[in-house]
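Read the figures in this text as sums done on the coordinates, not as results from a lab. As the structure is a prediction and not an experimental result, all values here were calculated from the model. Because the Cβ atoms are built from the backbone with ideal geometry, glycine has one as well, and the counts that use them run over all protein chains shown.
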Amino acid sequence: MIECKNIVKTYKNDAEEIVVLKNLTFSIEDGEFIAITGPSGSGKSTLMHILGALDTPTSGEYFLDGKNVTDFSDDELANIRNKKIGFVFQSFNLLARSSVLRNVMLPLIYAETPKNEREKKARESLKNAGLDEKHFNNLSNQLSGGQMQRVAIARALVNNPTLILADEPTGNLDTKTGEIVLKTFETLNREQHHTIILITHEKEVAEHADRIIFIRDGIITDDYKTKK
Amino acid sequence: MKFADLFEEIYSALLSNKARSGLTILGIVIGIGSVIAMIAIGQGSQSSIESSIQSLGSNLLLVTPGVQRGMGVQVSQGRGSSQTLTRDDAEAISSLSSVIAVSPEVSGRYQVTTKGTNTNTTINGVVAVYSTVRNVEVETGNFITDQNVKNMSKVAVIGPSVRDDLFGEDSENANVIGQTIRIKSINFTIVGVTKEKGGSGFNNQDDVIYIPITVSAQYLTGGSYVSTIAVQASNQEAMTTLQAEITNLLLDRHNVATADFSIMNQADIVATASSVTSTFTMLLGSVAGISLVVGGIGIMNMMLTTVTERTREIGLRKAIGAKRKDINLQFLGEAIMLTFTGGVVGIILGCLVSFIAYQFFSLATQVSTFSIILSFGVSGAIGIIFGYYPANRASKLNPIEALRYE
């Protein structure tokens, strides 16, 4: 479960102080499929970084699984990211010239998972992400965009995280492939009850989620369940 | 992160970019290899020149006719230079105190023939004491004796190079003794072969034939002029006094005000030669130093680009749970692996080049531990610092910034 209380984030830019997030309060239940959307510059990426433990808020509190992550050290945050959060980025960010399996096993190395379990977990995770088994030993740069994003999803899933954060996962894909990737998220949510947060500026993409939080100028302007 | 995983991560990161790793290693190999080879050649020639000067004999004063301008090696001995020294001068010098031995010598280059072969070599007219004064040892047979000098026997002692030139590479000393050689249409009987002294080119002390000085004076050079009088002093301390005494004696004997001869002190020769060779070593050293710097800049460049290029990778690794320590250790490990591999190959290459220079170009080489430590240390330090420093900086970046890095 995720709880945000009075989250404020400001950036200092020379003399000016820019307030990006203004006092956000909301919570997300386990197993929800939620989209955070808004125009560019609205602060949704900053919010995603805080939710992903990549950044800490200037003030306010962020509870992840009941733990107050706000005042964690760098190494503790790294640990949280490793164990509880799975990232899917717009530009995939796979290790080039490394095999698909290696890429998926990478978080397990940092989690110090015993060696003999890693490949089994990675294969399982890749199957869940819907990648054909014949690609498992391919190098990551030999895959298509859709396949790369599936590998990235598998990498996000491999540690069985509390939360999957997808930052514009369809941004670099054509509509048809994007649709398949979004379907994968839906399946992961419905069948395996992963909590998924989708960050996007596209309304059609956001509508795949069960709940939409709309942000504009650092304030939540709308928070509603979709009809599904 | 466990050590075995770290090692595997380093290994696969280096292997997944073979060209980049290879070029970095190459830079290190060339930097280290050239320093080791250059210093080896420099130090090798220095010690070979010093030892060949030492082998000329000890506590020597060399009296030569004419006035020498500055120090230098006499290329044309005997011929063309002034003929102001005689065997009588040598006789007079031997009566001075603190003189152990006096060896008048006359030398020139002549064509020497034997059955079917011939060679052009230095013919030294010597006396018996030459062998002790000049440190010449006879391998087989005898050196020129006092008896030979007195009787004007047409006998010759040859150097091993002459033996090889005249009788072939595989000729045996024993078979050579008793053979006849012709110098200026005069037959000489070989009575001895000297031990190999080494040296090469202009400095080959084995490419020489010794004959009695009386015979040389009679048939080859004419007159009792000598080209060198080598005087051996009883000890090092006496040499300066002896030099002055000889100067006075000869000025008196020649009845001249300014010297028509010059005296070289062996210590001076050694000093001159070592100053020449140390300049030479310094020259090679600076060339090597430059290649070390260039190699270092290459490593620096390669490491900096590598890390900059991989900032996004660092961001990703951090996002999926790598701690700062993990990132630092990985990049430090990669830098150590590259410099170590390059260093070992470079040392092998440097030694190999030194060996080839010795084997095929007969350059004396001496691989020194100092050069190995210096070159390995410098390029190792550069590699590690410039591999580690930017990675350390990148590991401090917020993962988001690192991921967005272009």
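Relative contact order for chain B: what percent, with Cα pairs under 8 Å and sequence separation of 6 or more?
Values: 714 pairs, mean separation 122.0, N = 406.
Relative contact order here is 30 percent.
Would you please give the FRET efficiency between B:Lys18 and A:Gln192, computed as 1/(1 + (r/R0)^6) with r the Cβ-Cβ distance and R0 = 45 Å, to the nearest 0.05?
Computed FRET efficiency for B:Lys18 and A:Gln192 comes out at 0.70.
Can you give the net charge of the other residues whose Cβ lies under 12 Å from the Cβ of A:Leu51, counting K and R as +1 and D and E as -1?
+1
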Q) By counting other Cβ atoms within 10 Å of each Cβ, how are B:Leu26, A:Leu101, A:Leu47 ranked from fewest to most? A) B:Leu26, A:Leu101, A:Leu47
Q. Taking only Cα atoms, what is the 0 to 90° angle, nearest 10, from helix A:100-110's long axis to the longest principal axis of chain A?
A. 60
**Q.** For the range B:334-406 and the range A:61-105, distance of Cα centres in Å
**A.** 35
Q: With r as the distance between the Cβ atoms of B:Ile297 and B:Asn248 and R0 = 56 Å, compute the FRET efficiency 1/(1 + (r/R0)^6) and round to 0.05.
A: 0.35
Q: Give me B:Phe361, B:Phe355, B:Phe261, A:Phe136 ranked fewest to most by other Cβ atoms within 10 Å of their Cβ, as a rough exposure proxy.
A: B:Phe361, B:Phe355, A:Phe136, B:Phe261
Q. Which angle from 0 to 90°, rounded to the nearest 10, does the C-alpha axis of helix A:115-128 make with the longest principal axis of chain A?
A. 80
Q: For A:Lys176, go through the lysines and keep the ones whose alpha-carbon is under 19 Å away, minus same-chain ones fewer than eight residues off.
A: A:Lys203
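If we count trypsin sites (Lys or Arg not before Pro) as exposed when they sit in a DSSP loop and have at most 15 other beta carbons within 10 Å, what is the longest stretch of chain B that avoids them all? Please report the intermediate quantities before stating the final value.
Working: sites that count: B:Lys2, B:Arg69, B:Arg79, B:Lys115, B:Lys184, B:Lys195.
Between the exposed loop sites, the longest stretch runs B:196-406.
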Q. Where a ≥ b ≥ c are the square roots of the eigenvalues of the C-alpha gyration tensor, would you call the range B:210-273 rounded, which needs a/c under 1.5, or, failing that, prolate if a/b is larger than b/c, or oblate?
A. oblate
Q: Could you give the spread of the C-alpha atoms of the protein assembly as shown along their three principal axes, from largest to smallest, in whole angstroms?
A: 132, 55, 36
**Q.** Longest DSSP-loop-exposure-free segment, GluC sites (Glu not before Pro), chain A, at most 16 other Cβ within 10 Å
**A.** A:113-201
Q) Can you flag which of A:Lys9/A:Lys84; A:Lys183/B:Lys18; A:Lys67/B:Lys2 are past 30 Å Cα-Cα? A) A:Lys183/B:Lys18
Q: Compute from the Cα atoms of the range A:95-158 the Rg and the Dmax, the latter being the longest Cα-Cα distance, and quote both in angstrom.
A: 10.5, 31
Q: Using amide H atoms built 1.01 Å from N in the peptide plane, name the residues 5+ places from B:Ala101, or on other chains, whose amide H lies under 5 Å from its own.
A: B:Gln232
Q: Give me the distance between the Cα centres of the range B:255-277 and the range B:4-24, rounded to whole Å.
A: 62
Q) To the nearest whole number, what is the average tally of beta carbon atoms from other chains within 10 Å of the beta carbons of peptide A:81-89? A) 3
Q: Lys and Arg at +1, Asp and Glu at -1: add these up for the other residues within a Cβ distance under 10 Å of B:Pro65 and post the number.
A: -2
Q: Check the straight Cα-Cα distances from B:Lys197 and name the aspartates and glutamates below 20 Å, setting aside those fewer than 8 residues away within the same chain.
A: B:Glu50, B:Glu105, B:Glu137, B:Glu139, B:Asp164, B:Asp165, B:Glu169, B:Asp170, B:Glu172, B:Asp206, B:Asp207
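Going by C-beta contacts inside 10 Å, put B:Ile181, B:Ile229, A:Ile2 in order with the fewest on the left.
Values: B:Ile181 24, B:Ile229 27, A:Ile2 20.
By the 10 Å Cβ count, ascending: A:Ile2, B:Ile181, B:Ile229.
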Q: Please identify, among B:Ile297, B:Ile158, B:Ile32, the residue showing maximal mean-square fluctuation in a Gaussian network model of chain B using a 10 angstrom Cα cutoff.
A: B:Ile297
Q) For the range B:67-259, what is the charge dipole size about the Cα centre, in debye to the nearest 20, if Lys and Arg each add +1 at the Cβ and Asp and Glu each add -1 at the Cβ? A) 600
Q. Which of B:Gly168, B:Asn235, B:Ala217 sits closest to the plus end of the dipole of the range B:67-259, meaning its Cα is farthest towards the positive end, when Lys and Arg get +1 and Asp and Glu get -1 on the C-beta?
A. B:Ala217
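Translational D (Stokes-Einstein, µm²/s) of chain B at 20 °C and 1.002 mPa s when Rh comes from the Kirkwood sum over C-alpha pairs?
Details: Rh = 25.8 Å.
The diffusion coefficient I find is 83 µm²/s.
What do you get for Rg/Rh over the range A:1-120 if you use C-alpha atoms and the Kirkwood form of Rh? Write out the running numbers ahead of the final one.
Details: Rg = 16.7 Å, Rh = 16.4 Å.
Here Rg/Rh amounts to 1.02.
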Q) Under 15 Å from the Cα of A:Lys83, which aspartates and glutamates turn up, not counting those fewer than eight places away in the same chain? A) A:Asp65, A:Asp74, A:Asp75, A:Glu112
Q. Taking the Cα atoms only, what angle lies between the long axis of helix B:324-361 and the longest principal axis of chain B, rounded to 10 degrees?
A. 20
Q. How many Cβ atoms of partner chains, on average, are near each residue of B:392-401 if near means within 10 Å of its Cβ?
A. 3
Q | Shielding by partners - mean other protein chain Cβ count within 10 Å, residues of A:13-23 | A | 0
Q) When the convex hull of the Cα atoms of the range B:67-259 is projected onto a plane and the area is averaged over all directions, what value comes out in nm²? A) 11.4
Q: For B:Ala174 and B:Ala4, calculate 0.36 nm times their separation in residues minus their Cα-Cα distance, and state this gained length in nm to one decimal.
A: 54.4 nm
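If you take the square roots of the eigenvalues of the alpha-carbon gyration tensor of chain A and sort them as a ≥ b ≥ c, do you get rounded (a/c under 1.5), prolate (a/b over b/c) or oblate?
Working: a/c = 1.78, a/b = 1.43, b/c = 1.24.
Because a/c hits 1.5 or more and a/b exceeds b/c, chain A counts as prolate.
Compute, for the protein assembly as shown, the length of the dipole vector about the Cα centre, with Cβ point charges of +1 (Lys, Arg) and -1 (Asp, Glu) only. Units Debye, rounded to 20.
Details: 56 positive and 63 negative charges, 216 e Å.
Using Cβ point charges on Lys, Arg, Asp and Glu, the protein assembly as shown gives about 1040 debye.
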